[in-house]
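Colleague: Quick one: structure below, then a few questions.
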Amino acid sequence: MKNIIKGLICLALFLSGCGKDNGGDTPPVPEPDVNTLLVTPKVLTNSYLGNGPQWGGYDIVNAWTGNATLSEQDWNTLFKRVSFMRPSLIRIMVSQGWNYMNGEVYSPEKSDPVLGKILSYCQEKGITVQLGEWGHVGGSGIDATWVDHATDFLSYLVKEKGFTCIKYYTIVNEPNGDWSSTVGSYPLWKNIIQQFYRKMNEKQLTDKVRIMGPDVAIWSIAETSWVVNTRNELAEEVKAFDIHAYPNNDDVHTTSFLQLLKAYKAASNLDAPIIMGELGFKYSATSSLGKANASRIKADPFAADDSQMHVYDAFYGIDMADATIQVMLAGFGGVTYWDLDDAMYNDDGSSSSTKLKRWGFWNILGSEKFHNPDDEKIRPWFYTTSLLCRYFPSGSTIYDVTLPKPVKSGLRAIAGMRNGKVTIAIVDSSTNDYLFNLGMENGALLQGIKTYKYQSQQGAHFIGTVDADGFASPVDAGETIDLSGGKLREINLPAQSFMLLTNME
């Protein structure tokens with residue numbers, strides 16, 4: 001028992017001296033083999049906010065079903081699935097027309113049937129919510145009445161309804177884009193932030209909710225200026241940073257995506273968190289996967305042009321796991337995935353269009369509206385991302401991992417720890433099988449380890465154990481892995497596969 005406790009203390013603190021010569025009592029820890037994937041004591045993030053999906057929307061449910069909200073059965077299905085994910089962070093976006101205005105009349109209660117239901121769940125489960133406005137009102141100017149109503153709505157949610165789970169607020173989705181309400185104007189966005197902050201301050205909200213920004217969509221280092229300007233010019237107003245990324249397969253399967261993310265991390269205030277506010281995959285339009293996506297959109301009567309049809313394919317679970325791990329390796333404080341459910345958004349926000357933005361883990365209205373009950377089933381990428389949500393909870397310390405040599409393309413890993421429990425996630429997005437050792441600098445005897453494995457196959461097929469609900473199940477549970485004193489564990493990782501080891505609950 002004494003040795004086990006000592007090992008856990010070493011693991012929890014990653015003490016640099018633990019395991020070294022201790023007055024002759026303990027032999028030196030041997031240097032790891034070069035073919036070792038090694039969990040290091042290097043801290044990447046001290047208090048991780050967590051991973052989770054973009055949720056919310058369902059603004060067209062009434063037009064589609066004749067009901068103000070989803071059916072009780074659909075809500076129960078959603079809550080059961082999200083409860084398995086156990087996300088620590090969720091992003092929800094609102095707008096005045098859908099959420100708090102009926103024509104010219106301020107009516108915040110119109111959000112109670114859907115948004116209120118989601119926020120009640122988040123409040124009960126202790127999930128941090130990043131709320132935000134899709135866009136501002138006023139064109140090249142700023143409508144002061146909108147600012148007043150928007151901040152009133154925030155006050156209604158936080159103070160009147162008691163949704164203190166709302167911790168962050170973003171204003172204008174992707175303001176650097178010509179598709180946004182600001183049409184890419186940083187000066188306009190800055191002015192909006194300042195006016196919004198003043199109103200929040202007047203309504204005594206700034207001690208309860210922090211503004212997050214700039215919420216820009218990035219493809220290169222060009223948008224780092226938005227982050228730098230936000231840091232330098234809006235230090236009083238903006239207390240956390242976020243960006244959006246939709247990398248392609250070449251970006252993620254090489255090191256270019258990770259290097260890009262590190263540039264944005266460096267541009268932010270290193271004392272404030274930066275999160276990935278939207279993460280998805282967009283395969284190059286000229287690649288075989290890009291062409292297949294376009295073809296499948298065309299063939300689907302309910303798919304909007306802005307859809308990722310590869311959410312139906314098992315390999316998407318590998319690519320999203322790879323991208324997530326790279327975000328964590330870059331020192332970001334959290335990830336929100338685009339998105340939870342196809343039924344949340346259609347292509348133009350109108351009540352008539354049935355063209356869905358197909359990016360989700362499922363389509364909860366497959367039966368009611370879209371003539372396809374099978375579309376309500378869980379898609380493969382839920383397997384990997386649900387585990388990355390569940391086992392990297394809020395408050396985790398994230399540790400760097402060094403990779404085996406020689407370089408193994410597509411191999412990446414990350415480690416996290418909370419309350420003395422550890423999670424190690426490893427992905428191989430290449431077409432190569434890898435055999436290597438797992439080690440932990442200043443390691444310990446790890447007890448109660450569960451091992452999850454997922455390997456992509458053709459189409460939607462994958463090798464991975466699931467329970468009766470379709471949720472990931474471990475292939476091994478309650479295992480003891482001894483990584484103390486330089487001991488190693490052999491890992492056989494097939495091509496296109498993901499492995500997660502954890503003794504977290």
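The values are calculated or read from the model by the stated rules, or taken from the named source; none is laboratory data. Quick caveat, the model's predicted, so the values are computed rather than measured. Note that each Cβ is placed from the backbone with ideal geometry, even for glycine, and that neighbours are counted across all protein chains shown.
Colleague: So which of Ile127, Ile60, Ile92 ends up being farther than 27 Å from Ser353 by Cβ and surrounded by 15 or more Cβ atoms within 10 Å (Cβ to Cβ)?
Modeller: On the way: Ile60 fails: farther than 27 Å from Ser353 by Cβ; Ile92 fails: farther than 27 Å from Ser353 by Cβ.
Result of the check over Ile127, Ile60, Ile92: Ile127.
Colleague: Could you tell me which of the residues Arg412, Arg418 is crowded, with 23+ Cβ neighbours inside 10 Å, among the charged types (D, E, K, R) and within 26 Å of Tyr48 (Cα to Cα)?
Modeller: So the residue among Arg412, Arg418 that is crowded, with 23+ Cβ neighbours inside 10 Å, among the charged types (D, E, K, R) and within 26 Å of Tyr48 (Cα to Cα) is Arg412.
Colleague: Among Ser352, Ser367, which is assigned to a loop (DSSP other than H, G, I, E, B), of a type outside the set (Asp, Glu) and at pLDDT below 95? If you could, list the steps in order and put the result at the bottom.
Modeller: Values: Ser367 fails: at pLDDT below 95.
It is Ser352.
Colleague: Name, by its number, the condition in (1) crowded, with 17+ Cβ neighbours inside 10 Å; (2) without any contact (Cβ under 8 Å) to a residue 40 or more places away in the chain that does not hold for Ile218.
Modeller: Unmet condition: (2).
Residues checked against (1) within 19 Å of the chain's Cα centre (by Cα); (2) buried (at least 18 other Cβ atoms within 10 Å of the Cβ); (3) of a type in the set (Phe, Trp, Tyr):
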{"residue": "Asp242", "(1), (2), (3)": "yes, yes, no"}
{"residue": "Asn248", "(1), (2), (3)": "yes, yes, no"}
{"residue": "Asp251", "(1), (2), (3)": "yes, yes, no"}
{"residue": "Ser256", "(1), (2), (3)": "no, no, no"}
{"residue": "Ile274", "(1), (2), (3)": "yes, yes, no"}
{"residue": "Ser284", "(1), (2), (3)": "no, no, no"}
{"residue": "Leu289", "(1), (2), (3)": "no, yes, no"}
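Colleague: Any idea which of (1) in contact with a helix residue (DSSP H, G or I) (Cβ under 9 Å, 6 or more places away or on another chain); (2) outside the structural domain of Ala477 (by TED's automatic domain parsing) is the one Ile414 doesn't satisfy?
Modeller: So Ile414 meets the others, but not (2).
Colleague: Suppose we filter Lys167, Lys117 for residues that are part of a strand (DSSP E or B), modelled with pLDDT of 95 or more and either among the charged types (D, E, K, R) or more than 27 Å from Cys389 (Cβ to Cβ) (or both); which single one remains? Talk me through it step by step, then tell me what you get.
Modeller: Details: Lys117 fails: part of a strand (DSSP E or B).
Testing whether each residue is part of a strand (DSSP E or B), modelled with pLDDT of 95 or more and either among the charged types (D, E, K, R) or more than 27 Å from Cys389 (Cβ to Cβ) (or both) leaves just Lys167.
Colleague: Which count do you get for residues in the stretch 181-194 that are crowded, with 21+ Cβ neighbours inside 10 Å and either part of a loop (DSSP other than H, G, I, E, B) or not hydrophobic (A, V, I, L, M, F, W, C) (or both)?
Modeller: 3
Colleague: Out of the residues in the stretch 291-322 meeting the condition of being buried (at least 22 other Cβ atoms within 10 Å of the Cβ) and aliphatic (A, V, I, L, M), tell me which one is nearest to Thr354 (Cα to Cα).
Modeller: Taking the candidates together, the pick is Val311.
Colleague: Still on this structure: Specify which of the listed residues (Asp271, Asp250) is outside any strand (DSSP E or B), modelled with pLDDT under 95, under 21 Å from Val129 (Cα atoms) and among the charged types (D, E, K, R). Spell out how you get there, then give the answer.
Modeller: Numbers: Asp250 fails: under 21 Å from Val129 (Cα atoms).
Answer to the selection: Asp271.
Colleague: Against the condition in the same structural domain as Gln326 (by TED's automatic domain parsing), acidic (Asp, Glu) and either surrounded by fewer than 23 Cβ atoms within 10 Å (Cβ to Cβ) or free of Cβ contacts under 8 Å to residues at least 40 places away in the same chain (or both), how does Asp374 come out, does it pass?
Modeller: Values: in the same structural domain as Gln326 (by TED's automatic domain parsing): yes; acidic (Asp, Glu): yes; either surrounded by fewer than 23 Cβ atoms within 10 Å (Cβ to Cβ) or free of Cβ contacts under 8 Å to residues at least 40 places away in the same chain (or both): yes.
Considered against the rule, which asks whether it is in the same structural domain as Gln326 (by TED's automatic domain parsing), acidic (Asp, Glu) and either surrounded by fewer than 23 Cβ atoms within 10 Å (Cβ to Cβ) or free of Cβ contacts under 8 Å to residues at least 40 places away in the same chain (or both), Asp374 comes out as yes.
Colleague: Failed condition for Phe84, given (1) closer than 25 Å to Thr397 by Cα; (2) assigned to a loop (DSSP other than H, G, I, E, B), with all others met?
Modeller: Tallying (1) closer than 25 Å to Thr397 by Cα; (2) assigned to a loop (DSSP other than H, G, I, E, B), Phe84 fails exactly one: (2).
Colleague: How about the stretch 442-472: which of its residues are outside any strand (DSSP E or B), surrounded by fewer than 20 Cβ atoms within 10 Å (Cβ to Cβ) and either at pLDDT below 95 or in contact with a Lys or Arg (Cβ under 9 Å, 6 or more places away or on another chain) (or both)?
Modeller: Our first condition is that a residue be outside any strand (DSSP E or B); within the stretch 442-472, this holds for 442-444, 457-461, 464-465, 467-471.
Next, only the ones that are surrounded by fewer than 20 Cβ atoms within 10 Å (Cβ to Cβ) stay: 457-461, 465, 467-471.
Ala460, Thr465, Asp469, Gly470, Phe471, listed by residue number.
A quick yes/no check of all residues on (1) at pLDDT below 95; (2) farther than 18 Å from Gly52 by Cα:
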position	(1), (2)
Asp348	yes, yes
Arg358	no, no
Asp375	no, yes
Ser394	no, no
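Colleague: Pull up the stretch 130-148, narrow it to residues that are surrounded by 16 or more Cβ atoms within 10 Å (Cβ to Cβ) and under 18 Å from Thr206 (Cβ atoms), then point me to the one that is farthest from the chain's Cα centre (by Cα).
Modeller: So the residue we want is Val147.
Colleague: State whether one or more residues within the stretch 49-70 are within 30 Å of Ser484 (Cβ to Cβ), assigned to a strand (DSSP E or B) and modelled with pLDDT of 95 or more.
Modeller: Keep residues of the stretch 49-70 that are within 30 Å of Ser484 (Cβ to Cβ), which gives 50-51.
Pick out the ones that are also assigned to a strand (DSSP E or B) and you get 50-51.
Retained after the next criterion (residues that are modelled with pLDDT of 95 or more): 50-51.
Within the stretch 49-70 (the criterion being within 30 Å of Ser484 (Cβ to Cβ), assigned to a strand (DSSP E or B) and modelled with pLDDT of 95 or more), the answer is yes, since at least one residue qualifies.
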